[in-house]
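Asker: Could you have a look at this structure, given as structure tokens, before my questions?
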Amino acid sequence: MKKATLHIQIHISITALIMFLLKTWRASAFGVYGYLNFTRNAFLEHSKKFQPEDMQIRIEGKNCIVTGANSGIGFSTAEGLASCGATVYMVCRNKERGEAALSKIQSSTGNPNVHLEICDLSSISEIKSFASRFSSKDVPVHVLLETLYRQVNNAGLMEHKRVTTSEGFELNFAVNVLGTYATTELMLPLLEKAAPDARVITVSSGGMYTASLTSDLQVALTEKWAEMYKHKGIGFYSMHPGWAETPGVAKSLPGFNKSFSGKLRTSEEGADTVIWLGLQPKEKLVSGGFYFDRSEAPKHLKLAATSHSHAIIDSIVDTLRSILVSHDSKI
């Protein structure tokens, strides 16, 4: 009996040690990789290879939905697309801040075709209401932009204390996963109207490099959508904006924001690849791909042991779909 107990204790200790070392390696590798690639200096270096003409494409007549568009990367994305002539629908939770952002963008771009939609993306009920309202416009959606931990499906946030929404979901999950999933799925009919030029762009977090799928779903969801809807004429892309100085980062990561003061990208630099993905001909892009600084990027760091976790995406999508269906039955 003692030998069996000892064996179990040793086995658990070794497993715990391996997990600790793996997490330490991931964090260290991510820190080095991020410092070399995600800072403002890295953006300036990478931008030497950018093609200026890529951002001079006009998209008059195209409808773009940008979530979390009142500040940070979402605001810069909405402003950038509006300056290219797009009709932009800014989805914001707060009406007052949304109206202020709307006024700024209309003034700076001279584009009157910028509109405000109010929706709290932590609420399935509000997302469904917004989707129903927007569907009544019967306009094709050429670009749907969504973000994680930031403001395109940019309504992302990082809430450290556990907060439960009125619908019973943990807040981070409600906004960054369920909200993104519900918005995309409910907008599919309008995206199909814009096919074959329709696209969904989801902003992810660099934290994906340090965690398995269960901690960061955006990239794997994008892969799954690209596979599921490859015959519908809709492209799906995820991207990482680098380490940008935004109100969301300042509030949620004050220590990080202070330590990297002067080294973080501006919101405009963080939004650069998002806008680029919205403008490029789809023939230049890979549906399901992950992009960084206008190029397709690796989805996993070497030896980080995170790629295997993508195999469970089917069960996660089934769970998300079940939540939406069960919510429908309660209405």
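Each value in this text was obtained by applying a stated rule to the coordinates, not by laboratory testing. Here the structure is a predicted model, which means the values were calculated and not measured. Virtual Cβ from ideal backbone geometry, glycine too; neighbours counted across all protein chains shown.
Asker: Would you please give the FRET efficiency between residue 185 and residue 263, computed as 1/(1 + (r/R0)^6) with r the Cβ-Cβ distance and R0 = 30 Å, to the nearest 0.05?
Answerer: Values: r = 38 Å, r/R0 = 1.26.
Computed FRET efficiency for residue 185 and residue 263 comes out at 0.20.
Asker: Taking amide H atoms as placed 1.01 Å from N in the peptide plane, list the residues 5 or more away in sequence, or in a different chain, whose amide H sits under 5 Å from that of residue 291.
Answerer: So residue 291 has HN proximity to 238, 239, 240, 297.
Asker: So between residue 117 and residue 36, what do we pick up on full extension, going 0.36 nm a residue minus the alpha carbon distance?
Answerer: Stretched fully, the residue 117-residue 36 segment lengthens by 25.4 nm.
Asker: Please sort 192-202, 53-63, 274-284 by packing, taking for each peptide the average over its residues of neighbouring beta carbons within 10 angstrom, highest first. Working shown, then result.
Answerer: Working: 192-202: 20.8, 53-63: 13.8, 274-284: 18.7.
Per-residue mean Cβ counts within 10 Å order the peptides as 192-202, 274-284, 53-63.
Asker: May I ask for the distance between the Cα centers of the range 109-148 and the range 176-198, given as a whole number of Å?
Answerer: 11 Å
Asker: Normalising by the residue count of the range 39-139, find the relative contact order in percent from Cα pairs under 8 Å and 6+ residues apart.
Answerer: Contact order relative to length: 21 percent.
Asker: Separate question: Which order do peptides 115-124, 73-82, 40-49 fall in by mean Cβ count within 10 Å, highest first?
Answerer: With the highest mean Cβ count within 10 Å placed first, the list reads 73-82, 115-124, 40-49.
Asker: Pop out the ³J(HN,Hα) list for the range 38-53 in order, Karplus 6.51 cos²θ - 1.76 cosθ + 1.60 with θ = phi - 60°, rounded to Hz; leave Gly and Pro as x.
Answerer: For the range 38-53, the Karplus curve yields 9, 7, 5, 4, 5, 4, 4, 5, 5, 5, 5, 9, 5, 9, x, 5 Hz.
Asker: Pull out the extension gain between residue 283 and residue 322, defined as 0.36 nm times the separation in residues minus the alpha carbon to alpha carbon distance; nm, one decimal.
Answerer: 10.6 nm
Asker: In nm, give the distance between the simple-model label positions of residue 232 and residue 171, each being 7 Å from the Cα along the Cα-to-Cβ direction.
Answerer: 3.1 nm
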